[in-house]
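The values are calculated or read from the model by the stated rules, or taken from the named source; none is laboratory data. In this text, all values refer to a predicted model and were calculated from it rather than measured experimentally. Here the Cβ is made from the backbone with ideal geometry for all residues, glycine too, and neighbour counts use every protein chain on show. All accessible areas refer to the heavy atoms of the entire protein, side chains included, with ligands and DNA or RNA removed. Shrake-Rupley method; radii C 1.70, N 1.55, O 1.52, S 1.80 Å.
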Amino acid sequence: MRETVELSLVVNGRAHPIRVEPRETLADVLRERLGLTGLKISCDVQVCGACTVLVDGLAISACTYLAADAEGHEVTTVEGLARAGQLSPLQQSFIDAAAFQCGFCTPGMRMAATALLAENPAPTRAQVVAGIEGNICRCTGYVPIIDAILEAAGAVDAAGVSEGAR
Amino acid sequence: MRRVTTRATPPSPIGESVPRRDGIAKVTGAARFTSDLSVPGMAWAKILRSPYPHARISSIDTAAALALPGVIAAVSAADLADVELYYGHALADHPLIAHGVVRYGGEPVVGIVAEDPATAEEALALVSVEYDPLPVVTTVEAALAPGAPILHEREAEQRPQRGFEEAIERDHPNVCSSSTQRWGDIDAAFAGADLVVEGDFRYPISYAYAMEPYTAIAHWSDGGLTVWSSCQHPFMVRDDLARCFHLPLSAVRVIVPYVGGGYGSKSYTKIEPLTAALALRADRPVKLALSIEESILTTRGDGAVVHIASAFDGDGRLRGRRAEILLNTGAYAENSPLVGRKAANRICGPYRIPAVDVTCRAIYTNTSPASSFRGFGAPQGIFAGESQMDEAAERLGIDPLEIRRRNVVRPGEALWSKARGMDADLDADLLLAADALAWDTPARPGRGRAICISASDAGSEPVTTSLLRVHADGSVTVTVGSTEIGQGSSTVLAQIAAAEMDLPLDRVHLLQSDTTAASYDRSTGASRTTTLVGLAIQAAARDARSQLLEWARDALAGGGTVEPAKGGVLVAGVHHDWGAIVRAWFAGAGGEVVGRGYLRRAGSMTAMPPFWEIGCVGAEVSVDEETGQIRVERLVTVGDVGCAINPQLVESQDVGAAIMGLGIALSEELVYTPEGSLLNGNLVEYRVPRASDIPPFTAILAERGDGVGVYGAKGGGEGALNPVAAAVANAVRRATGIRLHEAPFTPERVWRALRERDPGREGDG
Ligand code: FES
Ligand code: FES
């Protein structure tokens, strides 16, 4: 028998008593055990940001974060951001700007953006770029994502798409 | 966004940037990808891969793995005597699991099925395989050398109806395929030239990096096979599965949930036959979810070595072009024969050339198999051809924009005999790009600018169907076989159906990519969906409307007159919507009308290609001469798309494609050692663009209504990638005087070229 530990994981405000192996990552436990498949696994080595979730409000890569280390902390996933039937400003701005194509990066990108805006509600374009530097999007070329985050922050850049990241 | 429009105004919601239909699912995390799915009773597979790039397998022992509690099956080729092992799009040369020989490092050798992924992983270490290593070739030059090790002893079946019908000229056993493009008197063209430029160019082995790795679930039940897969072409995958497992097409169901990126890398069959074989032996539903490292080993883009010569008159007019392209195709053909076919066509550029002699050969090497990647044979040759346009302009003292304007074909003019006439205004596109770059004003000191243009024979085969069902409440379900891979087809195709049926968008729903429930489409690639599937939906809508008119006459007008009206008919001045007609005809007991749309190679689809896909890109760069780092100061794309059904989505395609091209121009390359080791098969060392790499960007849409598709539309989404490497290289030349012949233009390569620079800046080529 493999060694296991008993945890109480607080995810999106709900406590989940759960038995995990010490080597299990937070990403695997959230996806495979709790059915929270919003976060995605791509690189699996903390390079792409697809697995970004919040731990006590800070963006972390769940693919390289051990589930056991989340004990005693508040985990927030993309599912936890949805308010019953109501889109958040970031969700709305992502849709308005078409800030995704395939959508595989989107949950991670949104969590990174949420953490960024929580820390800095009125970021500059350069600060937005820095805030999502750890999140890869292979589809959009980032331009609409940057625009969407700025829009959600209420700092709509009139030049929009033509300004790129710089 | 800039839109330049000369077309007629289409009906709503065509031409409107309506929100994406998949938006809420994707921003809330509710969208389910294959990697998110599970099936009751599902077991997990892991793959043992070859550590050798070329070896004979002398023995495989799985007894210890099978003894591990939780392991259900351990499968190698020896266990699959009842399965046709060899598949492949153009050539059936690819065993779904190594069959006696491994031909690249990372080739699947044994598949383990277990109750959970960790157990399957653990069991891999318990399998013992003995190999007899064989000599290795990783470059096209080494593979074509006399005495080179031969990769394929066995003659592979060239598969019919897969778009590659040419006789392969195999002057060396490692030639996988060959294609030629020839016309005119090439010797006379070169003999009478005022200027000949000649050179060698290298395009890297690249990786599409779709963020969702290859993932499939296979489930055998009721005498049939169901497969969920992150793939682009479910019907093509179905056909290959039916062939491998000796099943009728109707017994195989391939379902595609949301797909986490494709860019060509999920075209054709990949891990589905292996997953189905494992499920068959395990007698359980099986999920095979590859890692990104494994995905890199599964498919990548063709690297190319291009020798090219272009002959010009003194006024810059092209007289002839000769080229020899060698594609590094890796261990198996995959779709490289078609990539080679297209590379031979596309290296000719969008130019009027009196004589052409191009050969492209795809070459087997002991590297991972190459296949489709956005651009599909275009960027490899465009880099070379467009570099030579600038080189000739410089040597002849002609402006690089002007030399292109003198050579591009005019609207309606065919690039080669029997080809569809040019359905684009290339001269106007060039001027739009020039305007955005302020071409007429000199660049700032230390900066260089360039504009490059390409035309791809796009659209693939026009074989597409659609059903459009009008329900008793007047709402509509449209079925298509085209896959939503992020390009926005679920939105754009719904817009077309809504416009054709005069319905609000929220009355239209789409069912896509399910080979049993949805209707046939050949593929989702070659930028064909909007054009070809759009036409099939239009045909289905017209068929539904003509039936509804008939039914209205029958059931509402007592055989008398009905007048077509918006969203329904008028009978004696009273409007009846579609639902009312359906209800009346079925006498109030529900029912529906089924409209059928078929698209084949006939009528407007007789001339090939279905349409030309234009790439028109401008770049302005500066170079840090100390480090060799290129800084792209501005990128411009002109999307010549006829009619942008949803401009926001078209623009997003162009930006994404150009940035993907920029990644290959600046940093992306999979590097193999001569011994066959992949040095950077991971995302840490294979660097794709990040947010901070994105330059200021101008995306222009040119809509002239000149496409063959609905409302004058034609395809986009790949074009903007194709000229990027050439545009960056030419702009670097203008900024620094160095001519780059090998992409990506890494700081090291640029720095070396700067060191070798002729201080006079002359004499290049
Ligand atoms: S999957 Fe965790 S960072 Fe890429
Ligand atoms: S939307 Fe596809 S990776 Fe970002």
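Residues are listed down the side, and each one gets a yes or a no for (1) of a type in the set (D, E, K, R); (2) part of a strand (DSSP E or B); (3) within 14 Å of chain A (Cβ to nearest Cβ); (4) surrounded by 21 or more Cβ atoms within 10 Å (Cβ to Cβ):
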site: B:ALA8; (1), (2), (3), (4): no, no, no, no
site: B:PRO11; (1), (2), (3), (4): no, no, no, no
site: B:ILE24; (1), (2), (3), (4): no, no, yes, no
site: B:SER38; (1), (2), (3), (4): no, no, yes, no
site: B:ILE47; (1), (2), (3), (4): no, yes, no, yes
site: B:TYR52; (1), (2), (3), (4): no, no, no, yes
site: B:ASP82; (1), (2), (3), (4): yes, no, no, no
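For B:PHE245, the requirement of being over 20 Å from B:LYS26 (Cβ atoms) and either within 23 Å of the chain's Cα centre (by Cα) or open to solvent by less than 10 Å² (accessible area, probe 1.4 Å) (or both) is not met.
Within the range B:512-522, the residues that satisfy the criterion of being closer than 21 Å to B:GLY709 by Cα and open to solvent by 10 Å² or more (accessible area, probe 1.4 Å) are B:GLN512, B:SER519, B:TYR520, B:ARG522. If the condition is being more than 12 Å from chain A (Cβ to nearest Cβ), buried (at least 24 other Cβ atoms within 10 Å of the Cβ) and either of a type in the set (Asp, Glu) or out of contact with any Ser or Thr (no Cβ under 8 Å at 6 or more places or on another chain) (or both), then the range B:248-274 contributes B:THR269, B:GLU272, B:PRO273, B:LEU274. I'd like to know if the range B:602-609 contains one or more residues that are in contact with a Gly (Cβ under 7 Å, 6 or more places away or on another chain) and either aromatic (Phe, Trp, Tyr) or within 14 Å of chain A (Cβ to nearest Cβ) (or both). Within the range B:602-609, not a single residue is in contact with a Gly (Cβ under 7 Å, 6 or more places away or on another chain) and either aromatic (Phe, Trp, Tyr) or within 14 Å of chain A (Cβ to nearest Cβ) (or both).
Within the range A:5-17, not a single residue is within 16 Å of ligand 2 (Cβ to nearest atom) and either open to solvent by 10 Å² or more (accessible area, probe 1.4 Å) or without any contact (Cβ under 8 Å) to a residue 24 or more places away in the chain (or both).
Please determine whether any residue of the range A:147-160 is within 13 Å of ligand 2 (Cβ to nearest atom) and either assigned to a helix (DSSP H, G or I) or at pLDDT below 95 (or both).
yes
Listed by first and then second residue, the pairs with beta-carbon distance under 6 Å, at least 6 apart or on different chains, first residue in the range A:92-117 and over 14 Å from B:GLY488 (Cα atoms), second part of a helix (DSSP H, G or I) and among the charged types (D, E, K, R), are A:SER93/A:GLU151; A:THR106/B:LYS26. Just one of the listed residues (A:THR52, A:THR25, A:THR4) is away from ligand 1 (no atom under 16 Å from the Cβ), touching a strand residue (DSSP E or B) at 6+ places or on another chain (Cβ under 7 Å) and more than 8 Å from every other protein chain (Cβ to nearest Cβ), namely A:THR4. Number of residues in the range A:73-86 that are open to solvent by less than 70 Å² (accessible area, probe 1.4 Å), in a loop (DSSP other than H, G, I, E, B) and away from chain B (no Cβ under 11 Å) equals 1. Answer yes or no as to whether A:GLU71 is farther than 15 Å from A:ALA112 by Cβ, more than 16 Å from ligand 2 (Cβ to nearest atom) and touching a strand residue (DSSP E or B) at 6+ places or on another chain (Cβ under 9 Å). Here the answer is yes, as A:GLU71 does meet what is asked. Could you list, in sequence order, the residues of the range A:43-72 that are crowded, with 18+ Cβ neighbours inside 10 Å and part of a loop (DSSP other than H, G, I, E, B)? Once the filter is applied, which keeps residues that are crowded, with 18+ Cβ neighbours inside 10 Å and part of a loop (DSSP other than H, G, I, E, B), the range A:43-72 yields A:CYS43, A:ASP44, A:VAL47, A:CYS48, A:GLY49, A:ALA50, A:CYS51, A:TYR65.
Could you pull out the residue among B:ASP399, B:ASP357 that is at pLDDT 95 or above, farther than 25 Å from B:ARG170 by Cβ and open to solvent by 10 Å² or more (accessible area, probe 1.4 Å)?
That would be B:ASP399, the only listed residue that is at pLDDT 95 or above, farther than 25 Å from B:ARG170 by Cβ and open to solvent by 10 Å² or more (accessible area, probe 1.4 Å).
If you go through the range B:365-413 and keep only what is farther than 14 Å from B:PRO723 by Cα and under 24 Å from the mean Cα position of the chain (by Cα), you end up with B:THR365, B:ASN366, B:THR367, B:SER368, B:PRO369, B:ALA370, B:SER371, B:SER372, B:PHE373.
As for the range B:668-682, it holds at least one residue that is open to solvent by less than 20 Å² (accessible area, probe 1.4 Å), of a type in the set (Asp, Glu), under 20 Å from the mean Cα position of the chain (by Cα) and more than 9 Å from chain A (Cβ to nearest Cβ).
Those residues that are out of contact with any Ser or Thr (no Cβ under 6 Å at 6 or more places or on another chain), of a type in the set (Gly, Ala, Ser) and either open to solvent by 10 Å² or more (accessible area, probe 1.4 Å) or more than 7 Å from every other protein chain (Cβ to nearest Cβ) (or both), I need them from the range A:87-116; list them, please. The answer is A:SER88, A:SER93, A:ALA97, A:ALA99, A:ALA113, A:ALA115.
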